[in-house]
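All remarks here apply to the structure that follows.
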Amino acid sequence: MTSTATLDPLTTAQAWKQAGRDVAIATVVETWGSAPRPTGSHLVIDSDGNFEGSVSGGCVEGAVITEALDVIGSGAPRMLEFGVADETAWQVGLSCGGRIKVYVERLG
């Protein structure tokens, strides 16, 4: 038996969608400076808050999951940006000094 933890997040998203779950995909689309995950990294989230993959780690991941749940509910995609320059840097920023942009969309 294969654990979803070892699968590509997009494979997990496909399996969840086929099982009837509502799913969103978060994708790192841009990075500047020191970023924990490269462009193209994915995090998949279902409407129950289950997730696989990674777009950053720490507080950023939690913020992306929260936004993804809103995207699942509304169907409207969002572009998120996180970085140490934000006023909320120590709440959901990147302490490494980098910035990332994450696109979150609901799977149709």
What does the charge count near VAL23 come to, summing +1 for each Lys or Arg and -1 for each Asp or Glu among other residues with Cβ under 11 Å from its Cβ? -2
What residues from segment 19-38 fall in the zone where the backbone N is under 13 Å from a label point 7 Å along the Cα-to-C-beta line of TYR103? 25-31
Using packing as a proxy for protection, rank 11-18, 73-80 so that the peptide with the highest average count of other Cβ atoms within 10 Å comes first. 11-18, 73-80
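None of the figures in this text is laboratory data; all of them are computed from the coordinates on show. Quick caveat, the model's predicted, so the values are computed rather than measured. In this analysis, Cβ positions are derived from the backbone assuming ideal geometry, glycine residues included, and neighbour counts consider all displayed protein chains.
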